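Participant: Before anything else, here's the structure in question.
The values are calculated or read from the model by the stated rules, or taken from the named source; none is laboratory data. Note that the structure is a prediction, hence the values are computed from the model and not measured. No Cβ is skipped: glycine too gets one built from the backbone with ideal geometry, and neighbour counts run over all protein chains shown. Please note that ligands, DNA and RNA were not included when accessible areas were found on the heavy atoms of the full protein model with its side chains. Shrake-Rupley method; radii C 1.70, N 1.55, O 1.52, S 1.80 Å.
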Amino acid sequence: MPHSPLDDAALDQLFRAARTFASTHDTWLDRPVSTDQIEQIWALARLGPTQTNTVPARVAWVVSAEAKARLIPLMDEGNRDKTLTAPVTAIIGADLDFHEKLPYLYPHADARAWFEGAPEQAALLTAWRNSSLQGAYLILAARALGLDCGPMSGFDADKVTAEFFPGTRIRANFMCNIGYGNRASLRPRNPRLPFDEACRIL
Ligand SMILES: Cc1cc2nc3c(=O)[nH]c(=O)nc-3n(C[C@H](O)[C@H](O)[C@H](O)COP(=O)(O)O)c2cc1C
């Protein structure tokens, strides 16, 4: 059976009424996010497609006060308060050693060999492209579960990489605060490009 289009309520929740809680003045409701919810987000997000099923995103879910204290000084000033008060901050990393897991993730071919020994730039490109996609799936998964997101690139990526992914080839890509956003704190939504300005049908 083919799937049907989602109903309007679902499209509103995922896209039309969904907002980003990332501006300096945006705030979070005092409502926790459980470990079970975090695991549910990953259970959905990991199913989104990646090149050769590389699944290169590695996520550090910053929840404890101790971990937040390590993270906050590495954030841009304007991203600190909302990161401190968010129930969860997901650090989405890109693993340049993603090929090591390909015998498990892509068992019907020797896919590890396709990437092994590739120049750092090639590994970075694949890991970056696909972990960014996975970060987007993570945002949509969180929204599908009724949560709000605040993605952020305003932080010292080298320092976050060293602090949260030491001794690995995982590089911090972007972060995403997750919780229940306070809609009263939002500015009106900015416009998006209309079809004719952003797209061509050839
Ligand atoms: C990868 C990424 C990085 C972002 N980085 C920041 C940031 O560092 N600080 C910030 O205030 N907003 C940041 N934003 C939020 C965007 O400005 C916001 O998603 C966009 O304006 C759309 O807002 P809306 O979803 O409410 O319409 C980021 C968004 C994304 C997707």
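Participant: Check Val55 against each of (1) within 16 Å of the ligand (Cβ to nearest atom); (2) modelled with pLDDT of 95 or more; (3) within 14 Å of the chain's Cα centre (by Cα) and name the one condition it does not meet.
Facilitator: Of (1) within 16 Å of the ligand (Cβ to nearest atom); (2) modelled with pLDDT of 95 or more; (3) within 14 Å of the chain's Cα centre (by Cα), only one is false for Val55: (1).
Participant: So which residues in segment 172-199 are over 15 Å from Thr89 (Cβ atoms) and in contact with a Leu (Cβ under 7 Å, 6 or more places away or on another chain), if there are any at all?
Facilitator: Asn182
Participant: Going through segment 141-169 one residue at a time, which ones are within 19 Å of Lys82 (Cβ to Cβ) and among the β-branched types (Val, Ile, Thr)?
Facilitator: Val160
Participant: With Asn190, Asn182, Asn177 as the choices, which residue is modelled with pLDDT of 95 or more, near the ligand (Cβ under 8 Å from one of its atoms) and either closer than 15 Å to Ser23 by Cβ or among the acidic types (Asp, Glu) (or both)?
Facilitator: Just one listed residue meets the conditions, Asn190.
Each row is one residue, and each column tells you yes or no for (1) modelled with pLDDT of 95 or more; (2) within 16 Å of Met175 (Cβ to Cβ); (3) not acidic (Asp, Glu).
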site	(1), (2), (3)
Ala113	no, no, yes
Glu116	no, no, no
Glu120	no, no, no
Leu124	yes, no, yes
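Participant: Considering (1) aliphatic (A, V, I, L, M); (2) under 18 Å from Ala94 (Cα atoms); (3) touching a residue at least 60 places away in the same chain (Cβ under 8 Å), say which one Leu145 fails and leave the rest.
Facilitator: (2)
Participant: Please list, ordered by first then second residue, the pairs with beta carbon atoms under 7 Å, 6 or more apart or interchain, first in segment 18-29 and of a type in the set (S, T, N, Q), second more than 10 Å from the ligand (Cβ to nearest atom) and open to solvent by 60 Å² or more (accessible area, probe 1.4 Å).
Facilitator: So the pair list comes out as Thr27/Thr85.
Participant: Please go through segment 83-100 and pick out each residue that is out of contact with any Phe, Trp or Tyr (no Cβ under 8 Å at 6 or more places or on another chain), over 14 Å from Gln134 (Cβ atoms) and not hydrophobic (A, V, I, L, M, F, W, C).
Facilitator: Correct list: Thr83, Asp97, Glu100.
Participant: Given the condition under 30 Å from Leu125 (Cβ atoms) and touching a helix residue (DSSP H, G or I) at 6+ places or on another chain (Cβ under 6 Å), answer yes or no: does some residue in segment 23-40 qualify?
Facilitator: no
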